[in-house]
Amino acid sequence: MRTSTGRRVGTVGLIVALTCGVTACSVIPTGGKPISVGNPRKGNPLGDPYARVIAVPPSADWSPEEVVTGFRAAMASVDDPGRDVARKYLTDAFAREWNPQSGVTVYKQDGKQDQYEKAPPVQADAKQTRVTLKGTVTAMIDQDGRYWPKGGSLNEPFTLVKGAQGWRISAAPEGLMLSEADVDRAYLKVDLYFLDSAWQGLVADQVRVPIDPTSNFAKTAVERLLKGPSSLLKKAVNSAFRPGTRLIDVTTENNRVVVDLTKPVDSDRIGPMSAQLAGTLAELTKGGWGFEVRVEGKLYYSDSLLAIDAQQHADFDPWTAPRDVYPYYLADGALQMLGKENVGQPVQGRAGEKDGSRTRPAISGQGQVAALSEDGTKVSVAPLAPGGEWQDWVTGASLTPPSWDRYDTLWTVNRPTGHSSVVVRRDSRQQYQVWAPDLNAVHVTSLKVARDGVHVAVVVKNGTEEEVKIGTVVGQGNGTRITDLQSVVDGDGNQTIKDIAWKDGKTLYVLTGKSDLLEASVAAEPKTLASDSRIESITALDGSLLAGAQDDNGNRQVLYWNRTSAKWEPMVKDEKGTVLFSEKDGPSFPAYPLG
């Protein structure tokens, strides 16, 4: 496609088309925005549609701004994975130097039209000029496909020189520069699932994968899964697949998604492998489709097929889709479990007896409760069973509220001074100091381990500001360390953080000192969900979000977030069946297991 004059190019270099993700689908040029249609899957979980941008080469009569606009469009073309068309916008020397694989800068522009820095008109005899693209940087995508939210101004210069073929770019920013809309069109959001260090649970690795117009979602996702985890998780997780395993194809047959590999897995890794595949492809199999694994086109076993249930990941790791898990809370100093009718019953053992000396309970996955002493110097643990007695597990100068991981290990942070922190991990036998150099010289106010046992969130106080960071737990016992801490809620003036709670292994809820509730992760900008000045603590489990609240008179209640009405509503009923706020010893500090 070529326009008769450069001035009529507009959003130059663009043809937006709908494709079904398979080679048999036709290309429909629209000359405008991506078109939207109903889901044409029709029983085939491999063929979701997507919009794509088809690039065209530059014209000799285009202006410098139009050349830069065309280059930006060509960078977004999924039909040109080698960016061969994009290189036609570059001088020969720069085309050899430019590396589109070095990462992606994601940006948005501040107005409806392309915004280039105003410059004097280019003279007719000019041989060199500069065009500067302006806007706001919103994220980076690294070579692993990790999406990193990032702020800052976009002020990127493109140097152009004029030759026999017209204007060409001789210098430009490294890597790809894509708008947010480009990224939505050109990349798939995929949750890859790997195994934790104990081979007991699944860990999600959130990545963006470039769309391949000759492939389909399932094939693209499995190919990326076989490449292994991103750099953040490489030292913390395992994969059941043998090194060097490649994907031959993904097809459908007899209501199953058939994954054909070049190598089988070790016999004791079949269950973990099945869970990895089922978790990674879960979005495709909500209609009940299961899986089958073949090797070199043949049945996995010599005499039978290897069939995988669509919910194999949930069977392998129940915390990926928890069911029948009830919350706990404190009332009059006693730990209670909330029953089906939203009426609490005291737990068994000492923890169910009235005792006002402990607060901030945390529930393990194996029937234990940990609680912080009122003076913050002890974390005690008691079994939720008849005769269960409190035992002091950790003592310190000033401890954070406790957190359990999936391995029945307790975590807390001791603050010997106002500017130092020591992360402590304790099991039933002994206590370990966790290597966390990024936290040694700061004041940690909270630490929570996610249910996957790998992701960890901390609240760090720096002067009057508090920020939230998410990192990775690597190793066990004396070899435990916390690495790659990334800020997900930055400090803002005098902002404080009341509480944090994991929704799952990917998403963290953050309660600010202003009672704003935020949803945060390492792969997205935080967003505000709700505010309620009464809230003082939170806990979450998958789709359930609870809060401990206190009204102006000091009366307490546990609230739940009603997603239908988008309101906080009281939850715990008293002996009369009412859900009014109770006296000061009423329901407080709700806690889901591993929350």
Give Glu156, Glu223 a once-over and let me know the one that is open to solvent by 50 Å² or more (accessible area, probe 1.4 Å), farther than 24 Å from Lys503 by Cα and at pLDDT 95 or above.
Glu223
Do we find a residue being in contact with a strand residue (DSSP E or B) (Cβ under 7 Å, 6 or more places away or on another chain) and more than 21 Å from Val369 (Cβ to Cβ) anywhere in segment 401-413?
no
Hey, Pro121 closer than 30 Å to Leu226 by Cα and part of a loop (DSSP other than H, G, I, E, B) or not
no
Counting only residues that are open to solvent by 40 Å² or more (accessible area, probe 1.4 Å) and not small (Gly, Ala, Ser), which one in segment 194-212 is nearest to Gly279 (Cα to Cα)?
Gln206
Condition broken by Asn216, with the remaining ones in (1) buried (at least 19 other Cβ atoms within 10 Å of the Cβ); (2) closer than 25 Å to Gly471 by Cβ; (3) of a type in the set (S, T, N, Q) satisfied:
(2)
Going by the structure shown, is Pro327 out of contact with any Ser or Thr (no Cβ under 7 Å at 6 or more places or on another chain) and not charged (D, E, K, R)?
no
May I ask you to verify whether Ala314 is in contact with a helix residue (DSSP H, G or I) (Cβ under 9 Å, 6 or more places away or on another chain), modelled with pLDDT under 95 and closer than 30 Å to Leu225 by Cα?
yes
How about segment 249-278: which of its residues are surrounded by fewer than 20 Cβ atoms within 10 Å (Cβ to Cβ), β-branched (Val, Ile, Thr) and not in a loop (DSSP other than H, G, I, E, B)?
Thr251, Thr252, Val258, Ile270
Pairs under 6 Å by beta carbon, first residue over 20 Å from Lys448 (Cβ atoms) and assigned to a strand (DSSP E or B) in segment 370-386, partner of a type in the set (A, V, I, L, M, F, W, C) and open to solvent by 40 Å² or more (accessible area, probe 1.4 Å), six or more apart or different chains?
Ala382/Trp390
I'd like to verify a number: residues in segment 295-322 that are under 30 Å from Pro593 (Cβ atoms), open to solvent by 60 Å² or more (accessible area, probe 1.4 Å) and outside any loop (DSSP other than H, G, I, E, B), how many?
3
Would you confirm whether or not segment 456-466 contains a residue that is in a loop (DSSP other than H, G, I, E, B), closer than 25 Å to Tyr592 by Cβ and acidic (Asp, Glu)?
no
Can you tell me which of His443, His419, His455 is more than 24 Å from Gln368 (Cβ to Cβ) and in contact with a Gly (Cβ under 8 Å, 6 or more places away or on another chain)?
His443
I need the full set of residues from segment 175-186 which are under 15 Å from Met140 (Cβ atoms) and open to solvent by 30 Å² or more (accessible area, probe 1.4 Å), in order please.
Glu180
Near pairs, Cβ below 7 angstrom, 6+ apart or cross-chain, from segment 476-492 (modelled with pLDDT of 85 or more) to any residue that is surrounded by fewer than 18 Cβ atoms within 10 Å (Cβ to Cβ) and in a loop (DSSP other than H, G, I, E, B)
Arg481/Gly475
Options Gln336, Gln345: the member that is assigned to a strand (DSSP E or B), in contact with a helix residue (DSSP H, G or I) (Cβ under 8 Å, 6 or more places away or on another chain) and either over 30 Å from Arg246 (Cβ atoms) or open to solvent by 10 Å² or more (accessible area, probe 1.4 Å) (or both):
Gln336
Kindly provide the set of residues from segment 78-98 that are in contact with an Asp or Glu (Cβ under 9 Å, 6 or more places away or on another chain), open to solvent by less than 30 Å² (accessible area, probe 1.4 Å) and not in a helix (DSSP H, G or I), ordered by number.
Val78, Leu90, Trp98
Do the conditions hold for Val454, that is, is it surrounded by 16 or more Cβ atoms within 10 Å (Cβ to Cβ), under 24 Å from Leu518 (Cβ atoms) and at pLDDT 95 or above?
yes
Check whether at least one residue in segment 562-571 is under 19 Å from Val459 (Cβ atoms), modelled with pLDDT of 90 or more and not basic (Lys, Arg), and report yes or no.
no
Looking at segment 225-248, can you tell me whether even one residue there is without any contact (Cβ under 8 Å) to a residue 40 or more places away in the chain, at negative phi, assigned to a strand (DSSP E or B) and touching a Lys or Arg at 6+ places or on another chain (Cβ under 7 Å)?
yes
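The values are calculated or read from the model by the stated rules, or taken from the named source; none is laboratory data. What you are looking at is a predicted structure, and each value in this text was computed from that prediction instead of being measured. Positions of Cβ are backbone-derived with ideal geometry, glycine not excepted, and every protein chain shown enters the neighbour counts. Quick note on the areas: whole protein, heavy atoms, side chains included, nothing else; ligands and nucleic acids left out. Shrake-Rupley method; radii C 1.70, N 1.55, O 1.52, S 1.80 Å.
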